[in-house]
Structures are given as structure tokens and as C-alpha cells.
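Accompanying notes for the structure given below.
The values are calculated or read from the model by the stated rules, or taken from the named source; none is laboratory data. Owing to the predicted nature of the structure, the values given are computational and were not obtained by experimental measurement. Cβ placement follows ideal geometry from the backbone for every residue including glycine, while neighbour counts extend to all protein chains displayed.
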Amino acid sequence: MSMTILYIGLDVHAESINIATADAPRDGEVRSHSRIPNDLRSLDTVLRKLGIPDKELRVCYEAGPTGFVIARHLAKKGIACLLAAPSLIPKGKGDKIKTDRRDALMLARLHRAGELTAVHIPDAVDESIRDLCRARTDAVDDKRRATCQLKSFLLRHGHRQTDKAPWSEARIRTLRKIALLHPAMGIVLEEYIQAIDTAHQRIARLEKQMEHFLETWAQAPVVRALMGLRGFRLVSAMITVSELGDIHRFAHPRQLMAYLGLVPSEASSGGKRSQGGLTKTGNTHLRWLINESAQHYRLPPKISIGLGKRQEDIDPAQRREVKKISWTCQNRLYQKGKKMAGRLVMRQKVQIALARELCGFVWAIMKVAQPAPAPLS
């Protein structure tokens, strides 16, 4: 006996969950069900009542600040759950009323119609490593913010500072010797120095923890293979692998380029084709990192001492292929940048073109180093 399908839309918030249901036929009824507290026990109770023996439940909710807790919980119970990408949910321009109840109804209806785009749900360990990498990025942002505040404070009082000198005990002693007009200014200066020094120590601690957890991470061979590319060291490689997760979900490098927002937007109609600036969709952090790494390819191809050592740490079964891809990447991107610069193309456009090309080589190396997932039975 075949089971009927019941589509369930969840509008999840920190304190509550609105639930709506849609019957399997396209013209089936879509109705609001209930509003419950946001805890797994209450959700299990409702789903148990809805999933009577002759019904198959298919749940969906928007990706957001509540994370993957509900999706993983339902997966353990054998309930299909789709985590929808919020930016890709179809919405009518004429719909000017937005409530939690309406959002749940819309999700149930779109899930039944197959109009929702699923978000990749990472493994719990991969998500933990990703949070560690993001914490390191937050520490770098805090350091940059504190440095700007210090420089602005000193500039207001006639002391111009540059970032050429490394942050060290010697530089801290030099800053503390600056003559200021009032003791209150000295207190402000000391607070800014302490903030920068704390951020530096935090970055060092997080990078040390990244090195520690890399040894036991299942994706360690992928990280080391990616470090065989010019412009990728431990931090950038770990961030890239933790943010992308399963590279096999991108069937072609162009899909990865589009995911990172490195493709031009387009508004074509009829016989007219019009392309604009970058879409800038997807993962902002990773797009910035790829763009920074691509700057290394403006220099002539070369295997530096550091790159050579990193390539020696690659798994011997993958080393030859990775080194081949890495050398091809250096030659291709350098020639591309040289030709575009020769045509007097704007520097920013050259940089984005190199970053877009680099995505293809990142995809190729990760495909070599990362085993394909087992097919679903």
C-alpha cells in the first residue's frame, strides 16, 4: 500500500515555530496547522500526530540563524527535511503582507511544487571546523578595527602612523613613548594598544587550534592538497575546504563560480543581451579569500621554497596530479593577467577574472583529493 505524502512548512524563529501543511496533489489543500515553542520535543509531538501510519512527511524550513539542529534531528528520525536558501525563494512583487503564518504556508506550497533550492547541510564535525575558521576571521576583523581606531586617535593629535612596522613589543614601547597633552589621552592610547595586543594573541591561539584539529579532521588530505596551489597556506586552505564542504555537489567549475558570485549579472530580453556587474551572491567570505589568493598569480610562475615544501606534504597518491594542476594554474593565470593588462583592461576587472579562473583550479584539486560520496541507496 503506497503512502500519501504530506508537505510541511516550518517558519522557524528563536522562540517559536509556525507550522503549515500541504497535501500531495497539486490542487490539494494548504492550511495553517499550529504555532509551537521552538524545542525539538514539541516539534516531535506535532510531527508524530501528522505522520499517521499512512502518511510520509516531507519537511522544509528556511536556512537562518537557528542553524542545522532541526534538519539533523529530523534526519536521524528518517524524516526528509529540506533546508531552503532564503535568497532563492520565489516571491511575488505584489505581495506586501508578510507574517509568520503566511511564510509557513508559502514554504509548504513551494516545497510541494518543487520550487525551493536546498542548502548544503555540512557534517557536524565540518561545521565545527568552519566555526573555528570563522572565529579566526572575526579575530582578524577585531584587530583591523582596533588598529584603525588607534591610528585615527593618533592622527587627530598630530601623530601619523603606518602599518609597515610589525606588531611587536618594540612597537608597543614606541607607541607608549608618544607625548600626549593630557593623562586622559594616555588612558585612551593604552586601551587601544591593549585591544590590538589581545586581538593578536587571540589570532595566534586560534591558528594554533586550527593546526591541532587539522591532524584529526577527515578533510586534512584535501586541505594539504589545496595548499599545493600558490596563494594557499594553512589558514586559507582550511577556510576554503570548511566553507565549500562537499565539492562534488558542483558538477562543473562554472557552478562554483556562480556560487561565489564571481559571474556577471545579466538582464537580457529578446535579441538584446545586457551584462552588468558581479552577482555577488553566495559565500561572501570565501569570495573575498579567493580574490586575495588570486593576487599571487600576477607574478611570473615559480615554485618557491615554501610552495615546494607544502607540495611534499601532499598524499603521494595525489601529489603528481596536484602538482600538475598547480603548475598549469600558475601559467594560465599569469598569461591571462598579462594579456588583459596589455589590452589596458581595468585592474579590478583583471583581478576578478583571475579569481574566477582560480575557482576552476580549486574545484579540480578538491575533486582529486576528496572522495566522492557514496550514492544514496
**OP:** Would you please name the residue that is surrounded by the most Cβ atoms within 10 Å (Cβ to Cβ), looking only at residues in the range 63-113 that are closer than 15 Å to D11 by Cβ and of a type in the set (S, T, N, Q)?
**Re:** T66
**OP:** Could you identify the single residue in G78, G92 that is of a type outside the set (S, T, N, Q) and under 30 Å from W217 (Cα atoms)?
**Re:** G78
Original post:
Taking interchain pairs and intrachain pairs at least six residues apart, which have beta carbon atoms under 7 angstrom, with the first residue in the range 20-38 and assigned by TED's automatic domain parsing to the domain that holds L105 and assigned to a loop (DSSP other than H, G, I, E, B) and the second hydrophobic (A, V, I, L, M, F, W, C) and exposed (fewer than 14 other Cβ atoms within 10 Å of the Cβ)?
Top reply: N38/A14
**OP:** Give E190, E243 a once-over and let me know the one that is surrounded by fewer than 17 Cβ atoms within 10 Å (Cβ to Cβ) and of a type outside the set (A, V, I, L, M, F, W, C).
**Re:** E190
Original post:
What is the one condition in (1) touching a Lys or Arg at 6+ places or on another chain (Cβ under 7 Å); (2) surrounded by 17 or more Cβ atoms within 10 Å (Cβ to Cβ) that D313 does not satisfy?
Top reply: (2)
Original post:
Taking helices (runs of 4 or more DSSP H) that do not extend beyond the range 67-182, which have at least 1 residues that are within 22 Å of S16 (Cα to Cα) and charged (D, E, K, R)?
Top reply: 69-76, 100-113
**OP:** Would you tally the residues in the range 284-308 being of a type outside the set (A, V, I, L, M) and outside any helix (DSSP H, G or I)?
**Re:** 4
**OP:** Check the range 327-344 and report whether any residue there is loosely packed, with under 15 Cβ neighbours inside 10 Å and assigned to a loop (DSSP other than H, G, I, E, B).
**Re:** yes
Original post:
If you check G245, G231, which single one turns out to be under 29 Å from V125 (Cβ atoms), small (G, A, S) and either touching a Pro at 6+ places or on another chain (Cβ under 6 Å) or modelled with pLDDT of 95 or more (or both)?
Top reply: G245
Subject >> Complete set of residues in the range 354-373 that are under 14 Å from I314 (Cα atoms) and either part of a helix (DSSP H, G or I) or without any contact (Cβ under 8 Å) to a residue 40 or more places away in the chain (or both) >> reply: I365, M366, V368, A369
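When the range 202-228 is examined, which residues are found to be outside any helix (DSSP H, G or I) and within 20 Å of the chain's Cα centre (by Cα)?
Correct list: W217, A218, Q219, M227.
Which of the residues spanning the range 204-241 are of a type in the set (S, T, N, Q) and in contact (Cβ under 8 Å) with a residue 12 or more places away in the chain?
Q209, Q219, S236, T240
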